Amino acid sequence: MSIAYFNGEYLPLDAVRISPLDRGFLFGDSVYEVIPSYGGHFFLLDQHLQRLTRSLAAIRLPSPYGPTQWRERLDGLLQRNADPATPDLGIYLQVTRGVAPRDHAFPGEVRPTVLAMVSPIRPLPATTRRQGIAAVTAPDQRWARCDIKATTLLANVLARQAATEQGAQEAILLRDGHVTEGAASNAFAVLEGVVVTPPLTATVLPGVTRSLVLDLARNAGYPVCERDLAASELQRADEIWLTSSTREVLPVTRLDDHPVADGRPGPVWQQIHAAYQHAKSEAHTSASMLPPEGM
Ligand code: PDD
């Protein structure tokens, strides 16, 4: 049984008890982060904590801890879950507006509920590296503030389930004929040598992986463009990728049951995937996240 952090204590995950009056449970009144760690070292922790601060501010929930206190608590969690069999762990961290009698308006006194727990991150399977994954397009039925990393994810759940039922691993969400992002990932396309991803608006989560992948692509010499991406452009894309902290950079080789280009992971993905692995391995040995020029 893994160890969780819950409101100031470390305890076995199955010993955590959450009140039915918790506003995270009743209203989805909460925000979260998923933070990867490799071999006991966090990857891009500062960026995740900055986004957490932003999400908390957006829902007007004062942060229970400052960056140093967060880091100490999450370090404690990693140490308590150290296991050579699962060296790479994703930390799921959730902060809710706490327990109060059910009423939509904020309670007078707020004591946030804080939960952090771990689950293993597995390396990208060799078959995925060789063959890529399938994705489907689906209507984006989410609310108007998808830039907040909120736990109110019902529309994402339904979109991912629709993908699963069609034999695909992810749904690419479309709003007004344009790509917003994946159900739990950011979306990229390579079009005539340019790496394109939708701009950061209220309908897109500012993905930590998205930001790193943009830097890696620039550093590798590719032109990058944050612009609206029409659904029709996906059909003629040379490559499509999906990025997230737990699934890194995934090559999409089938979209809506049609091959993407020649149906194999493309050369730009190969290069960015390699650069991403390099950034991971460098993360705890160097301050720089970027591989050498031209990698
Ligand atoms: N989700 N967009 C959405 C809607 C997401 O849920 C996620 C990640 C991303 C990618 O963000 P990042 O690169 O910072 O992980 C984009 C996490 C992994 C999850 O819900 O499990």
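Taking GluC sites (Glu not before Pro) in DSSP loop states with no more than 10 other Cβ atoms inside 10 Å as exposed sites, the chain has its longest site-free stretch at 1-108. Summarised as an ellipsoid, the chain has semi-axes of 32, 23, 17 Å, derived from the eigenvalues of the Cα gyration tensor scaled by 5 and square-rooted, with the largest first. Ranking Ile240, Ala85, Pro12 by how far each Cα lies toward the positive end of the dipole of the chain (charges on Cβ) leaves Pro12 at the top.
Projected onto their three principal axes, the Cα atoms of segment 71-178 cover extents of 51, 45, 21 Å, largest first. Distance from the C-alpha centroid of segment 74-134 to that of segment 135-161: 18 Å, rounded to the whole angstrom. Give the residue from Phe106, Gly132, Ala283 lying farthest towards the positive end of the charge dipole for the chain; charges sit on Cβ (+1 for Lys and Arg, -1 for Asp and Glu) and the dipole is referred to the Cα centre. Highest projection toward the positive end goes to Phe106.
Here the chain is treated with +1 on each Lys and Arg Cβ and -1 on each Asp and Glu Cβ, and its dipole about the Cα centre works out to around 500 debye.
Of the whole protein surface, Arg51 contributes about 20 Å² of accessible area at a 1.4 Å probe radius. Mean separation of Cα pairs under 8 Å and 6 or more residues apart, divided by the residue count, gives the chain a relative contact order of 17 percent. Normalised Debye scattering of segment 11-113 at q = 0.13, 0.25 Å⁻¹ gives log10 I(q)/I(0) of -0.53, -1.37, counting only Cα atoms as equal scatterers and leaving out solvent. Helices of the chain meeting both criteria, an alpha-carbon length of 15 angstrom or more along the long axis and an average Kyte-Doolittle score not below 0.0, with helices taken as full DSSP H segments, are 154-165, 208-219. Using only side-chain charges placed at the Cβ, +1 for Lys and Arg and -1 for Asp and Glu, the dipole size of segment 3-120 relative to its Cα centre rounds to 340 debye.
Taking amide hydrogens as placed 1.01 Å from N in the peptide plane, the amide H of Val99 sits under 5 Å from those of Arg23, Arg111, each at least 5 positions away in sequence or on another chain. The spread of Cα positions in segment 137-278, taken along each principal axis and listed from longest to shortest, comes to 37, 30, 26 Å.
The values are calculated or read from the model by the stated rules, or taken from the named source; none is laboratory data. All values reported here derive from a predicted model rather than from experimental measurement. We place every Cβ from the backbone using ideal geometry, glycine too, and count neighbours over all the protein chains shown. Keep in mind that these areas ignore ligands, DNA and RNA; they rest on the heavy atoms of the full protein, side chains included. Shrake-Rupley method; radii C 1.70, N 1.55, O 1.52, S 1.80 Å.
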